[in-house]
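Colleague: Below is the structure I would like to discuss, written out as structure tokens.
Values quoted throughout were computed directly from the atomic coordinates according to the rules given, and no laboratory measurement underlies them. Predicted model, so just to flag it, every value in this text is computed and none were measured. We place every Cβ from the backbone using ideal geometry, glycine too, and count neighbours over all the protein chains shown.
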Amino acid sequence: MAAPLRCVTADTQADRWHRFAKLKSHQQGVALDLLGCPPAWAPMLQVLSSTDPALAPTALFDLVQRNARFLPEAVATRLWQWLAPWAARRGCACPALFGKPTKAHQECATALAVEIKGELSHAEEHWTDAVQLLASSADTRDRLRAAMVLRHMAGMKEHGSREGLLDKAGAGYLLRSLEFDASDCDVHVQLVANFRRKGDLKKARERLEAGLALFPESVALLTEAVETALASSAFKKAVTTGRRLLELDPLNRKVRALLGNAHLSHAGKHITAKKLGPAKKEIEEARAWLDGTHDQGRLLLLQAWTEPAGSDERLRLARQAVTAWGGGLGAGWRLVREAQGLFPNFRINSAKWLLDEAGIDASQALTPADVLALVQVLEHEPPIERKGADPFVAWRKALLELAAQPWFDEAATMRICEALSRHKEHNLLEKFANSARKRWPDRPLFVYHAVAARFGKRGEILSERDFDDLDEAQQRAHKGKDFKLDARIQALFDADDPFPDDDYDDADPANGMPELDPQVFREMLEISIQMDGGKQSANAQTWRMSR
């Protein structure tokens, strides 16, 4: 009796099964009795206990399948849900061997199996069918499953951009998931942030109102409330909400920075209206909240613009702002962009005058290091709508000359293109992308950026050559499992032809099994495991690939 007891009372499962494998058959029967397991499980558990813990899911499926008839129906069904998606065709084709999986269980398993293979469009069809089945159930747990599947679909690669924004379909999945389960605050936060960052402030406010009705003291939601108010130029509201938020979370550095910038934005509004006294008051309010170098640069610049033009104090403050920003091209770009947001009818001559005033010598030759420093600034700063003068007006010629030369390696050139694309600098982007295509003709990303830049300037893909090059780049991206680039190219095609023929056939999905790293394996398996007790599916539009 001692050996079975030591097995059953082992501290860890690994130790328990290690001990179980060493027991004699009659001792295993005693151990199973103590564990509450039927004796018929002994052969399967004997094999499992002596198996490599890293056994592949497909091999584990085969092992369990041989013993499924000994398992209780509910346990067999759960095991089938876990393992069938990894066992290729025979796993999802033989549900009757493992208890009685429902049609919704079978659709979820099939969807996951197809997704593991990389056939994302086909997977979405099955996830959508699963959502419909789960949503029609009277079981409240199935509605929770439907919500979770929809959230999984929203998180699929082709629905997210490089900046972490959702496309229309992905946002739609999240919105519908709230119909089945509105209790996840993170989903409300994600939707508000997504709409805010995409510039749809009306929808952001709608989602914010709905979220705060359920979670009135959520720090994350209130932070989004501050950011949405700032994006809407509702500076007083941003300050009021920020102060309320700091009562809940006094040490929140992000909120302190948002509150300070709300005061600075209000100061900028007063400067535009030439109300310099109130502007100075707002700047002093902001000073108590801001300590970052970038924020200090903005504070000093706005403070300079409250002083008389040409005065020593104005010059001193403007140059301190440039120093806080690190000087050079990045500081100059920030200065011009700040002026664009404040001064109506901002012109090129104004930009040159402000740069001289701040001590920035725009005539100094640019180096590749200057460009890479600028990229860091462009990656950090959020895009805004351009007003008035070109922020690169003083450096455009020099930047175009640098773009034509092989100064940057492939990785640096990718960063440059992404940064310029983010801020819709179409002319510079086209020049860098065209130069990169000559050096790396097999890289589909540069083809995309070159065509996207021309599309950004003209509003359509004008040349047949661009269309064909983009089509070939999409095929290479899909073949290389670069699903995000594939989706970006597809979005460009869709923007060029926003009303495709409804009868146009979808492209065939990719063939073969992609390599999955352990993290992806764990995430997929977790989704499959959770399918039994409270999960998800999706209402959906199927992602179309029209080639």
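Colleague: Multiplying the sequence separation of ARG66 and ARG287 by 0.36 nm and subtracting their Cα-Cα distance, what value in nm do you get?
Modeller: 72.5 nm
Colleague: In whole Å, what are the Cα extents of the chain along the three principal axes, biggest one first?
Modeller: Result for the chain: principal-axis Cα extents of 97, 59, 44 Å.
Colleague: At 0.36 nm per residue, minus the direct Cα-Cα distance, what do THR272 and SER183 gain on full extension? Give it in nm, one decimal, please.
Modeller: Here the segment from THR272 to SER183 would lengthen by 27.7 nm.
Colleague: Place a point 7 Å from the Cα of THR102 along the Cα-to-Cβ direction; which residues of region 142-170 have their backbone N under 17 Å from it?
Modeller: Those under the cut-off are 142-150.
Colleague: Can you put TRP80, TRP353, TRP41, TRP325 in order, fewest other beta carbons within 10 Å first?
Modeller: The fewest-first ordering by Cβ neighbours comes to TRP353, TRP41, TRP325, TRP80.
Colleague: Additional query: Could you list the chymotrypsin sites (Phe, Trp or Tyr not before Pro) in region 383-431 that lie in coil according to DSSP, counting only those with at most 15 other Cβ atoms within 10 Å of their Cβ?
Modeller: Answer by residue number: TRP407.
Colleague: Another question about this same structure. Averaging over all projection directions, find the projected area of the Cα convex hull of region 1-152 and quote it in nm² with one decimal place.
Modeller: 10.1
Colleague: Separate question: Tell me, what is the percent relative contact order of the chain, built from C-alpha pairs under 8 Å that lie six or more residues apart?
Modeller: Answer for the chain is 17 percent.
Colleague: With each run of n ≥ 4 DSSP H residues scored as -39500 (n - 2.57), what mean residue ellipticity at 222 nm is computed for the chain after dividing by its residue count and rounding to the nearest 500 deg cm²/dmol?
Modeller: After summing the helix terms and dividing by the residues of the chain, the value is -21000 deg cm²/dmol.
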